[in-house]
Amino acid sequence: MNEEQRKYGANAKTEPNLEKDYSKYFEHVYQPPNLKEAKTRGKSEVEYHDDFKIDERHRGMGKGRKFYIRTYGCQMNEHDTEVMAGIFQALGFTPTNTVDDADVILLNTCAIRENAENKVFSEIGNLKHLKQERPDCIIGVCGCMSQEESVVNKILKSYQNVDMIFGTHNIHRLPDILEEAYMSKAMVVEVWSKEGDVIENLPKVRNGRIKAWVNIMYGCDKFCTYCIVPFTRGKERSRMPAEIIAEVRDLARQGYQEICLLGQNVNAYGKDIDGLEYGLGDLLKDINKIDIPRVRFTTSHPWDFDDRLINAIAEDNNIVPHVHLPVQSGNNNVLKIMGRKYTRESYLELVRKIKTAIPDVALTTDIIVGYPNETEAQFLETIDLYHEVGFEHAYTYVYSPREGTPAAKMKDNVPEKEKKQRLQRLNKVVGEYAAKSLKPYEGQEVFVLCEGTSKRDDEVLAGYTEKNKLVNFKASQDVIGKIVKVKITEAKQYSLNGEFIEIVSKEKVAH
Ligand code: SAH
Ligand code: SF4
Ligand code: F3S
């Protein structure tokens, strides 16, 4: 056995230690969600670092070993996976697409709704046999679920096949956590309840060379009463404008065709940095000067959607005319108890302003049905608002209680069956509007960023228009990664079929 094997060798960890007292982990690092405390969290404690490096003693840890990361949840998690993949590769690990030959398996989890969590628990269960067959294999749980005490406890108690749990603020600690997992017999738990600092120079291995995620801020301070994210992701921390602009410039140089600026509440960008008079509108204007064909951003809370932002999107530029503007409900009482801080009327006023400034804008939204005690009449107001705005698409959900949030403590008189029926009724309307928004494209020419072959048919290529409409067409595989002109021949309910015309070097805005 060489030095490396001795250090990280499989033999270090063969029998699970069921007797271990885990309470020490919580004493030092973990606090359960506490709304009162979280709401008073300060503005000033965030530190900015660019001194991440792989310690000499960790180099080579991954030699001859493979890693596999399964990602659940939103774009934030997808991007965190790219960072963790970067760290793994810096440690010498190589990627694999299957758990079967992976030496480290990470589940990057989502806590937003109960069914998201259930999926993860069943996957951890599925991995039990693998751990029996290959005890050397390391199984890790990270992402938003790891930030919940109840989840950590459940894993400690019932899923001894897990070797390490770490939180969303501990990603840069992955080399140390892995080292400990290789050396220790007990489950390694490292979850910080204090939000992390902003670390600029973490390595990343991006998934693809066509579209890229760019974080502009972390965390959320909105505390919508149903939502777990302010607890799992911590307080709002914006990256410095110069860092973001440098990252986008670099992506443009590398030939990326589209970037998506990411944050839970991107309209609040910059507000947490004392003395910075610079918001998302300003950032978009600066990014507009960079030669990258398409810029998206997500997600916008209707609060803080100011005129500067509207003007930045309205200008003839590389910012796509698509605004995702989650409304959640069309009833004022429900919006109030959700803590959304706007009314039906002010939302509609904002929509009117956006539509006036950007006449061809595509609006999409998120909606929750079956909020505690939502009445039929209140639900119908949501449907009515949908008709009034005419959203082109929506992500719709049945309300799911999240432990530690205020809504989870509310008594609820709406039966589950009724909630599901409301979802179906809403989805019918969503489907009608999706189809209606696609019909006028028949016979039109559109610009499509070709992303690859269609999921259903290798012979067919697929990509998206600026307004995020999925287009399928046939052409040579050489056009993958390029913006192409396509003539639409058929509009389906959720996608378009078309005929390839030509590659365009620069998309000229005819949206
Ligand atoms: N920051 C984004 C939302 C992120 S979560 C925003 O505020 O727009 C994505 C969506 O999940 C939310 O818009 C909401 O519709 C839904 N969601 C969040 N918590 C939920 C819960 N407890 N039950 C059901 N849906 C929820
Ligand atoms: Fe959750 Fe509201 Fe923050 Fe969105 S804005 S992440 S829904 S708390
Ligand atoms: Fe899920 Fe966390 Fe995103 S809870 S939706 S992965 S921020």
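The values are calculated or read from the model by the stated rules, or taken from the named source; none is laboratory data. Not measured: the values here are computed from a predicted model. Neighbour counts are summed over all protein chains in view; Cβ atoms, including those assigned to glycine, are modelled from backbone coordinates with ideal geometry. Areas reflect the complete protein model, heavy atoms only, side chains present, ligands, DNA and RNA absent. Shrake-Rupley method; radii C 1.70, N 1.55, O 1.52, S 1.80 Å.
Evaluate the charge dipole of the range 249-290 about its Cα centre and quote only its size in Debye, nearest 20, assuming +1 on the Cβ of each Lys and Arg and -1 on the Cβ of each Asp and Glu.
Values: 5 positive and 7 negative charges, 43 e Å.
Value, rounded to 20: 200 debye.
Ligands, DNA and RNA left out, the 1.4 Å accessible surface of the range 238-390 is 50% carbon and sulfur atoms.
If you count the DSSP beta bridges with both ends in the range 386-508, what percent of them are antiparallel, to the nearest 5?
Values: 20 of 25 bridges.
Taking every DSSP beta bridge with both residues in the range 386-508, the antiparallel ones total about 80 percent.
Isolated cysteines in the chain, defined as those with no second cysteine Cβ under 4.7 Å, comprise CYS74, CYS110, CYS137, CYS142, CYS144, CYS220, CYS260, CYS450.
Mean sequence separation of contacting Cα pairs (under 8 Å, at least six apart), scaled by the length of the chain, corresponds to a relative contact order of 11 percent. On the beta carbon distance between LEU380 and ILE199, with R0 = 51 Å, the FRET formula returns roughly 0.60.
Hull volume per residue, based on the alpha-carbon atoms of the range 346-479 and their convex hull, is 166 Å³. Whole-percent P(r), the chain, all Cα pairs, 20 Å bins from 0: 21, 54, 25, 1. Modelled label positions at MET240 and CYS260, each set 7 Å beyond Cα in the direction of Cβ, lie 2.8 nm from each other.
Highest average first, the peptides 264-271, 119-126, 385-392 ordered by how many other beta carbon atoms sit within 10 Å of their residues are 264-271, 385-392, 119-126. Taking the Cα centre of the range 201-439 as reference, the dipole from Cβ charges on Lys and Arg (+1) and Asp and Glu (-1) amounts to some 700 debye. Distance between the 7 Å Cα→Cβ label points at MET183 and LYS487: 6.8 nm. Rg over Rh for the range 21-197 works out to 0.95, using Cα positions for both radii and the Kirkwood form for Rh. Report note on the peptides 322-333, 403-414: ranked by the mean count of other C-beta atoms within 10 Å, highest first, their order is 322-333, 403-414.
For a modelled paramagnetic label at ASP458, 7 Å from Cα along Cα-to-Cβ, the residues of the range 468-486 in reach, with backbone nitrogen under 16 Å, are 475-478.
Taking the 1.4 Å solvent-accessible surface of the range 21-197 as the whole, the part contributed by carbon and sulfur is 47%.
Looking at the chain, the DSSP beta bridges with both ends there are about 30 percent antiparallel.
Accessible area per residue for the chain, computed on protein heavy atoms with a 1.4 Å probe, is 45 Å². Centre-to-centre separation between the Cα atoms of the range 74-97 and those of the range 288-322: 29 Å.
Could you size up the charge dipole of the range 37-134 around its Cα centre, putting +1 on the beta carbon of Lys and Arg and -1 on that of Asp and Glu, and report it in debye to the nearest 20? If you can, show how the numbers build up before the last one.
Details: 15 positive and 17 negative charges, 54 e Å.
About 260 debye.
Here's the picture: charge each Lys and Arg Cβ at +1 and each Asp and Glu Cβ at -1 in the chain, and of PRO359, GLY443, ILE480 the one pushed furthest to the positive end of that dipole is GLY443.
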